[in-house]
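Undergrad: What follows is a single structure, and I will ask about it in a moment.
Please treat every number below as a calculation from the coordinates, not as lab data. All values reported here derive from a predicted model rather than from experimental measurement. Positions of Cβ are backbone-derived with ideal geometry, glycine not excepted, and every protein chain shown enters the neighbour counts.
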């Protein structure tokens, strides 16, 4: 699986962003962070996390 196709779990995103589970789900709920549901599992594509970070950096720079 390539890095672009990698799917991250919520705990992995929590660890990478150093935020709480609730904060990750809030980002998903508000559509700031894209995700997919596989059965009962929520997964975040690695590229979606990268896009989220890039967007936040651009907003902060403006």
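Undergrad: Please arrange 44, 36 by how many other C-beta atoms lie within 10 Å of their C-beta, fewest to most. Before the final figure, lay out each step's value.
TA: Details: 44 23, 36 11.
So the ranking, lowest neighbour count to highest, is 36, 44.
Undergrad: Same structure again: Based only on other Cβ atoms within 10 Å, what is the fewest-to-most ordering of 31, 40, 16, 21?
TA: 40, 31, 21, 16
Undergrad: Using helices alone, I'd like the mean residue ellipticity at 222 nm for the chain: each DSSP H run of four-plus residues gives -39500 (n - 2.57), total over residue count, nearest 500.
TA: Numbers: 3 runs with 33 residues, N = 62.
It comes out at -16000 deg cm²/dmol, rounded to the nearest 500.
Undergrad: Using alpha-carbon pairs under 8 Å, 6+ residues apart, how would you state the relative contact order of region 15-62 in percent?
TA: Values: 22 pairs, mean separation 10.6, N = 48.
Averaging sequence separation for qualifying contacts and normalising by length gives 22 percent for region 15-62.
Undergrad: At 7 Å along the Cα-to-beta-carbon direction for both residue 10 and residue 54, put a label point, then send me their distance in nm to one decimal.
TA: Result for the modelled spin labels: 2.7 nm.
Undergrad: With angles folded into 0 to 90 degrees, how steeply does helix 46-61 sit against the dominant principal axis of the chain? Use alpha carbons for both and round to 10.
TA: Computed tilt is about 20 degrees.
Undergrad: Next up: Two decimals is fine: what's Rg over Rh for region 3-61, C-alpha atoms, Kirkwood radius as Rh?
TA: Numbers: Rg = 11.1 Å, Rh = 11.6 Å.
So for region 3-61, dividing Rg by the Kirkwood Rh gives 0.95.
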